[in-house]
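Encoded as structure tokens, the structure appears first; notes follow it.
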Amino acid sequence: MGTQRNIAAQIIEQKGDYILALKGNQGNLHQKVVAFFEQAQLKNWEGIDYSYSQKTETGHHRIEHRQVWVVGLDQLPELSEAKKWKGLASIVMVKGERQLWNKKTTEVCFYITSLAADAVILAEAIRAHWGVENSLHWVLDVTFKEDSSRIRQGHGPENRGLIRRLCINLLKREPSKKSIAMKRYLAAMDNNYAFKVLSLAS
């Protein structure tokens with residue numbers, strides 16, 4: 001949802017940089033980026049100037065190995081869609097392999113960015129973003145049971161999702177050291193505490 005040309009343009013106009021996930025709903029741009037990386041790997045990156053980084057991390061009974069390839073836009077002369085994205089400078093492929101005690105999973109993701117082709121910097125930025133996303137999704141699923149929601153019609157899912165995220169932001173602002181789950185429980189049981197949390201929105 002965040003990968004939109006107007007968002008990229010606004011970021012650049014405000015002197016920022018972007019790293020935006022590239023998925024199938026981006027049509028030709030996604031297809032051409034995927035095809036480029038597939039061909040580059042088949043040809044063993046012959047004649048292509050690229051930046052590469054890899055890192056392995058262990059913890060929580062799992063091993064994660066991530067590889068990052070970054071290619072500057074000047075290596076893709078046929079990517080006409082790039083002109084539609086203000087400031088676009090590089091494309092990125094991230095391959096993540098996760099080994100749990102009983103299974104192994106592999107995920108490949110693609111990104112477009114206004115940053116130069118530096119795999120080390122981009123790997124750290126993407127990893128940091130994943131940490132934020134994973135933390136938020138865990139709270140939404142475990143504490144707010146989002147994945148179990150039966151709301152399906154109209155704008156219901158979007159509206160409820162917005163309310164859940166608003167609740168999480170307010171509960172995080174409440175300065176006590178209690179968990180999000182405990183704060184949520186207290187807000188349900190104690191009107192005074194609920195009003196205190198709600199007042200943090202101002």
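What to note about this one:
- Value of relative contact order over the stretch 5-126, rounded to a whole percent, pairs C-alpha under 8 Å and six or more apart: 31
- Shape of the stretch 50-93, Cα gyration tensor, a/c cut at 1.5: prolate
- Protection proxy ranking of 76-82, 104-110 - average other beta-carbon atoms within 10 Å, highest first: 76-82, 104-110
- Spin-label model distance (nm) - residue 185 vs residue 58, 7 Å beyond Cα toward Cβ: 3.6
- Neighbourhood charge, 13 Å Cβ-Cβ cut-off, centred on residue 108 and excluding it, Lys, Arg +1 and Asp, Glu -1: +1
- Remark: the stretch 146-199 is approximated by an ellipsoid whose semi-axes, taken from the C-alpha gyration tensor as √(5λ), come to 24, 11, 10 Å, largest first.
- FRET E, pair residue 23, residue 46, Förster distance 35 Å, beta-carbon r, rounded to 0.05: 0.80
- Using a simple spin-label model with pseudo-atoms 7 Å out from Cα toward Cβ, residue 153 and residue 124 lie 5.1 nm apart.
- Helix-only [θ]222 nm of the chain, DSSP H runs n ≥ 4, -39500 (n - 2.57) each, per residue, nearest 500: -13500 deg cm²/dmol
- Nitroxide proxy distance, nm - points 7 Å out along Cα→Cβ at residue 98 and residue 4: 2.9
- Straight-line cross-link partners of residue 103 among the aspartates and glutamates, defined as a Cα under 14 Å from its Cα and at least 8 positions apart when in the same chain: 64.
- Taking 115, 100, 29 and counting other C-beta atoms within 10 Å, the order from fewest to most: 100, 115, 29
- Exposure proxy order (Cβ contacts within 10 Å, fewest to most) of 199, 51: 199, 51
- Tensor-based shape of the stretch 1-90 (alpha-carbon gyration tensor, a/c under 1.5 rounded, otherwise prolate or oblate): oblate
- nm² value of the averaged projected area, convex hull over the Cα atoms of the chain: 15.3
- Residue ranges 87-95, 11-19 sort as 87-95, 11-19 when ordered by packing (mean number of other C-beta atoms within 10 Å per residue, highest first).
- Taking the chain as a Gaussian network of alpha-carbon nodes connected by springs under 10 Å, the highest mean-square fluctuation of the residues 118, 49, 190 belongs to 190.
Throughout, read-outs are computed from the coordinates displayed, never taken from laboratory work. A quick note: this is a predicted structure, and the numbers were derived from the prediction, not measured. Backbone-built Cβ (ideal geometry, glycine too); neighbour counts: all protein chains shown.
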